[in-house]
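Read the structure below first, then the notes.
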Amino acid sequence: MSAELSGYQIERQIGIGARSRIFAAVALKTGRRVALKRVARNSRDDDRFIRQAENEYAVGHRIDHPHVRGVIALHRVRRRLRLAELVLALELVDGLPLEKALPNRLDRFLAIFIKTAAGLEAIHRAGFVHADIKPHNILRGRGGVVKIIDLGQASPSGRRKERIQGTPEFIAPEQVHRKILNERTDVFNVGASMYWVLTCETYPTEIAGRNGRGVTLAAARPLAPIEINAKIPRSLSDLVMECCRSSPGERPADMAELRTRLTSIRALWNKRREAYRLEHLSRLQRGATDEVTRNCE
């Protein structure tokens with residue numbers, strides 16, 4: 001970590017990203033523990049990563065929501081009058097990316113994505129699209145903590161990007177074709193993320209389904225989650241597939257609708273689980289009564 005960045009006491013390195021390193025640190029003035037994301041500029045090839053860090057600050061410092069990692073400050077470090085690195089001060093989250101901390105129960109899965117949808121709803125209210133939601137960019141911590149991270153590719157809603165940006169396994173068709181991005185772009189990204197978490201398989205997006213020469217491969221009809229795992233509720237399987245429809249207009253309209261439907265699925269699931277629990281308890285009680293009766297005969 002650069003010695004030129006004063007005001008922080010570095011504790012340890014906690015992560016590595018594309019052209020970046022992340023450190024746990026303490027802000028000396030406030031005593032607050034933060035995450036410092038350092039992006040070094042060693043050549044012109046690093047400029048796009050510098051721009052992404054600047055974009056993360058420009059978007060993130062406007063959003064204050066419990067399910068979006070807070071963006072606190074941006075520091076520019078110069079050497080010989082040239083920008084040498086950027087350091088983002090971020091909320092320190094004690095957690096792991098969802099891809100490394102998969103839920104082992106359906107109610108936990110639903111809780112994670114309900115919170116993810118709520119965080120994205122806040123980003124959309126601020127006028128932006130995240131445009132790179134994937135399990136790696138959803139942090140899961142203790143006590144049900146869920147945080148959306150990495151706003152480096154966020155874009156104003158209703159705009160086109162100059163180049164294709166996104167992660168191939170989770171990218172929406174309108175991102176591939178550089179069309180207008182809006183809330184439904186994030187709906188696709190969330191749907192592809194839910195598909196992966198539920199099935200451990202990648203939804204066949206347009207880029208993920210291309211060969212090495214950039215030619216789109218003819219893919220079979222994507223299997224619905226319930227076809228891969230019969231224990232997944234049909235209502236949830238259908239919702240995931242709706243989110244991943246190629247045409248944005250055929251997806252759920254926004255995160256409010258997605259959150260509402262996930263909440264309804266959770267309520268129905270909990271009701272069925274409680275009914276099963278009571279039925280199982282009743283059977284145990286009947287069994288115990290029959291045993292007492294036999295012993296008394």
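The values are calculated or read from the model by the stated rules, or taken from the named source; none is laboratory data. Keep in mind that this is a model prediction, so the values were computed, not measured. In this analysis, Cβ positions are derived from the backbone assuming ideal geometry, glycine residues included, and neighbour counts consider all displayed protein chains.
Hey, Glu201 hits all of (1) under 16 Å from Cys244 (Cα atoms); (2) crowded, with 16+ Cβ neighbours inside 10 Å but one; which does it fall short on?
Status for Glu201: all satisfied but (2).
Name every residue in segment 1-57 that is part of a helix (DSSP H, G or I) and surrounded by 15 or more Cβ atoms within 10 Å (Cβ to Cβ), in order of residue number.
Asp46, Phe49, Ile50, Gln52, Ala53, Glu54, Asn55, Glu56, Tyr57
From Ser43, Ser20, Ser2, which residue is modelled with pLDDT under 95 and closer than 28 Å to Arg125 by Cβ?
Ser20 is the lone residue from the list that is modelled with pLDDT under 95 and closer than 28 Å to Arg125 by Cβ.
Would you confirm, using the coordinates I've provided, whether Ala118 is surrounded by fewer than 23 Cβ atoms within 10 Å (Cβ to Cβ) and assigned to a helix (DSSP H, G or I)?
Against the criterion (surrounded by fewer than 23 Cβ atoms within 10 Å (Cβ to Cβ) and assigned to a helix (DSSP H, G or I)), Ala118 qualifies.
State whether one or more residues within segment 102-115 are touching a residue at least 40 places away in the same chain (Cβ under 8 Å) and part of a strand (DSSP E or B).
Taking every residue of segment 102-115 in turn, none turns out to be touching a residue at least 40 places away in the same chain (Cβ under 8 Å) and part of a strand (DSSP E or B).
Would you please list the contacts, defined by Cβ atoms under 7 Å and residues six or more apart or on different chains, that run from a residue in segment 188-213 that is within 20 Å of Ile164 (Cβ to Cβ) to a residue that is among the small types (Gly, Ala, Ser) and at pLDDT below 95?
Going by the 7 Å Cβ cut-off, the qualifying pairs are Thr202/Ala208; Pro204/Ala219; Gly209/Ala219.
How many residues, within segment 236-255, are exposed (fewer than 15 other Cβ atoms within 10 Å of the Cβ) and either touching a His at 6+ places or on another chain (Cβ under 7 Å) or among the small types (Gly, Ala, Ser) (or both)?
So the answer is 4.
Being among the hydrophobic types (A, V, I, L, M, F, W, C), out of contact with any helix residue (DSSP H, G or I) (no Cβ under 6 Å at 6 or more places or on another chain) and assigned to a strand (DSSP E or B) is the filter here, so list the residues in segment 58-90 that pass it.
The answer is Ile72, Ala73, Val77, Leu83, Ala84, Val87, Ala89, Leu90.
Please find, among Arg294, Arg286, Arg259, the residue that is assigned to a helix (DSSP H, G or I), at pLDDT below 95 and surrounded by 10 or more Cβ atoms within 10 Å (Cβ to Cβ).
After ruling out the rest, the residue left standing is Arg286.
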